[in-house]
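Structure first, then comments.
The values are calculated or read from the model by the stated rules, or taken from the named source; none is laboratory data. These numbers were taken from a predicted model, which means no experiment stands behind them. Cβ placement follows ideal geometry from the backbone for every residue including glycine, while neighbour counts extend to all protein chains displayed.
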Amino acid sequence: MVTIAVDAMGGDKAPAPEVEGAIHAALEFGHRIILVGDRDEIHHSLKSHSSASTLPIEVLHATERITMEDHAAKAARSKKGSSMHTCARLVADGKADGFLSAGNTGACMAIAKMVLGKVPGVDRPALSGVFPSHKGSPVVVVDVGANVDCEPAMLAQFGLMGQIYSRLVLKVKHPRVGLLSIGEEEHKGNMLTREVTPLLKDLGFDFIGNVEGRDLFSGNADVIVCDGFVGNVALKVAEGLAEMMGRMLRESLTASVSGKIGYALSRSAFRDFRKRVDYSEIGGAPLLGVKGVCIICHGRSDSNAIKNAIRVAAEFASSNMNQRIEEELREFAQAD
């Protein structure tokens with residue numbers, strides 16, 4: 001049985017979404033969940049779910065919590081009793097197969113690197129976002145916020161880790177890797193994109209060259225590489241666009257549909273659209289390159305997002321991702 005530790009105090013409305021998401025995950029996937037945080041608050045939330053007592057869910061008390069207002073690096077060093085830190089230690093000690101948090105992203109990344117360490121050969125761990133495409137296949141974008149300033153070698157590693165994630169976890173047989181730039185031509189872009197291009201060509205996977213912003217959703221690439229500054233902006237724009245389109249579509253359908261049958265059909269279509277673009281269906285972003293499984297969730301994650309983040313963490317833990325990253329980085333270094 002896969003065991004996933006959940007930072008129950010991280011999200012904007014914690015611990016209610018974390019508790020409910022853990023219950024849904026235990027029911028649907030059969031995973032063992034350790035809810036970490038304030039014991040009294042977690043138990044109070046668990047009382048509203050009658051099925052919780054029969055599920056493989058444990059509660060582990062943590063004396064501190066890291067807030068969104070905390071300075072990331074300072075909190076990572078000073079709040080050793082926090083729920084986030086405790087989750088990471090459970091993974092490091094082999095008591096959990098992975099952990100997730102909807103709390104302070106910077107602190108979570110710092111704690112994961114501090115407690116779990118980096119996979120040998122990885123310069124900087126990177127966050128991997130998953131975008132929907134109109135072809136129905138997921139598009140992995142690396143990095144979406146962990147590293148604002150990047151060197152070419154780091155982006156090359158992002159490409160390698162992203163295609164391994166796409167292959168092993170998302171089950172894309174031969175991932176096509178693109179480099180996000182301002183034009184498809186190789187000479188377009190900034191110094192970083194031009195310098196990383198030959199490195200990506202030498203890695204041995206299917207590198208298709210430069211791709212543009214629209215390819216985040218086109219499905220023409222399975223993995224898209226960029227620095228964390230560009231990637232985070234792209235991620236936030238995508239989330240905002242999806243929310244705006246959802247609201248506009250709902251308003252248009254409500255205003256134009258007549259008749260009960262037509263209304264029911266359009267509501268069904270809207271639910272399908274919403275499911276395809278809803279970030280909660282993705283769950284969270286794996287932090288690639290740390291020795292262990294760390295999934296970072298949106299601060300306003302609801303119970304569905306937490307449930308799916310637990311699913312992603314379990315899939316990641318079962319995929320031998322870190323071993324493959326280490327092996328392929330070693331092969332690249334030896335070939336170089």
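Assorted remarks:
- Residue in region 288-306 that is surrounded by fewer than 19 Cβ atoms within 10 Å (Cβ to Cβ), in a helix (DSSP H, G or I) and either among the basic types (Lys, Arg) or at pLDDT 85 or above (or both) present: yes
- Filtered residues of region 1-20 (kept if farther than 21 Å from Arg89 by Cα and touching a Gly at 6+ places or on another chain (Cβ under 9 Å)): Asp12, Pro17
- Residue among Thr105, Thr86 that is β-branched (Val, Ile, Thr) and over 30 Å from Arg214 (Cβ atoms): Thr86
- If the condition is being within 20 Å of the chain's Cα centre (by Cα) and exposed (fewer than 15 other Cβ atoms within 10 Å of the Cβ), then region 230-250 contributes Val233, Lys236, Val237, Gly240, Leu241, Glu243.
- Test: Thr86 is crowded, with 22+ Cβ neighbours inside 10 Å, within 26 Å of Ile282 (Cα to Cα) and among the hydroxyl-bearing types (Ser, Thr, Tyr): yes
- Only listed residue being in contact (Cβ under 8 Å) with a residue 24 or more places away in the chain, surrounded by 21 or more Cβ atoms within 10 Å (Cβ to Cβ), of a type in the set (Gly, Ala, Ser) and assigned to a loop (DSSP other than H, G, I, E, B), chosen from Ala156, Ala112, Ala146: Ala146
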